[in-house]
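Trainee: What follows is a structure written as structure tokens; I'll ask about it next.
The values are calculated or read from the model by the stated rules, or taken from the named source; none is laboratory data. Quantities reported herein were computed from a predicted structural model and do not represent experimental measurements. Here the Cβ is made from the backbone with ideal geometry for all residues, glycine too, and neighbour counts use every protein chain on show. Side chains are part of the model used for accessible areas, which takes the heavy atoms of the whole protein and leaves out ligands, DNA and RNA. Shrake-Rupley method; radii C 1.70, N 1.55, O 1.52, S 1.80 Å.
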Amino acid sequence: MSEARKIFSYAEARALVPEVRRLTEAAYRALAEAGLDPEQPDRDQAREVLGRWAAAMQQRGLSVKGPWLVDFDNGAGYYCWRYPESGLLYWHSYTAGVAGRLPIQ
């Protein structure tokens, strides 16, 4: 049985970003301390760290789109956050994907 899709208001997503950033930074640093490149993580070597990070993001209702990249479903598209962005600055439609990120105004 699949969980219901989590829909975030902008305020809810923004409020969650500091926790997401903290967890992401910890995983990013764990890879760096293990001598792995967190910017280009080798999936086999980084599997455990990336898996724990992805699970933590999914438990909070986020969609993981790649290492250090998550989307918050807003019902009409996604608020999009990528480490090390300081806050929730971008969104994209369901069809545009991360390549179509636009600034939130």
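Trainee: Between a residue in region 45-69 that is under 23 Å from GLY35 (Cβ atoms) and in contact (Cβ under 8 Å) with a residue 12 or more places away in the chain and any residue that is outside any helix (DSSP H, G or I) and aromatic (Phe, Trp, Tyr), which pairs come within a Cβ distance under 7 Å, given they are 6 or more apart or on different chains?
Mentor: As it stands, the answer is TRP68/TYR83, since those pairs meet every condition given.
Trainee: Further question on the same structure: In the list ARG47, ARG60, ARG22, which residue meets the criterion of being surrounded by fewer than 17 Cβ atoms within 10 Å (Cβ to Cβ), basic (Lys, Arg) and over 13 Å from the mean Cα position of the chain (by Cα)? If you could, list the steps in order and put the result at the bottom.
Mentor: Values: ARG60 fails: over 13 Å from the mean Cα position of the chain (by Cα); ARG22 fails: over 13 Å from the mean Cα position of the chain (by Cα).
After applying the criteria, what remains is ARG47.
Trainee: Would you be able to say whether some residue in region 91-105 is touching a helix residue (DSSP H, G or I) at 6+ places or on another chain (Cβ under 6 Å) and hydrophobic (A, V, I, L, M, F, W, C)? Even if it seems obvious, please write down each step before you answer.
Mentor: The initial filter retains those residues of region 91-105 that are touching a helix residue (DSSP H, G or I) at 6+ places or on another chain (Cβ under 6 Å), namely 92.
Filter once more, keeping what is hydrophobic (A, V, I, L, M, F, W, C): none.
Within region 91-105, not a single residue is touching a helix residue (DSSP H, G or I) at 6+ places or on another chain (Cβ under 6 Å) and hydrophobic (A, V, I, L, M, F, W, C).
Trainee: For region 1-19, which positions are surrounded by 13 or more Cβ atoms within 10 Å (Cβ to Cβ) and either assigned to a helix (DSSP H, G or I) or modelled with pLDDT under 95 (or both)?
Mentor: LYS6, TYR10, GLU12, ALA13, ARG14, LEU16, VAL17
Trainee: Restricting attention to region 36-43, does a residue exist that is within 21 Å of ALA76 (Cα to Cα) and open to solvent by less than 70 Å² (accessible area, probe 1.4 Å)?
Mentor: In the first step, residues of region 36-43 are kept if they are within 21 Å of ALA76 (Cα to Cα); the result is none.
Within region 36-43, not a single residue is within 21 Å of ALA76 (Cα to Cα) and open to solvent by less than 70 Å² (accessible area, probe 1.4 Å).
Trainee: Is it true that LEU69 is in contact with a Lys or Arg (Cβ under 6 Å, 6 or more places away or on another chain) and open to solvent by less than 40 Å² (accessible area, probe 1.4 Å)?
Mentor: On the way: in contact with a Lys or Arg (Cβ under 6 Å, 6 or more places away or on another chain): yes; open to solvent by less than 40 Å² (accessible area, probe 1.4 Å): yes.
Considered against the rule, which asks whether it is in contact with a Lys or Arg (Cβ under 6 Å, 6 or more places away or on another chain) and open to solvent by less than 40 Å² (accessible area, probe 1.4 Å), LEU69 comes out as yes.
Trainee: It is to be established whether one or more residues within region 63-76 are touching a strand residue (DSSP E or B) at 6+ places or on another chain (Cβ under 9 Å), of a type in the set (Asp, Glu) and farther than 11 Å from LEU23 by Cβ.
Mentor: Checking region 63-76: at least one residue is touching a strand residue (DSSP E or B) at 6+ places or on another chain (Cβ under 9 Å), of a type in the set (Asp, Glu) and farther than 11 Å from LEU23 by Cβ.
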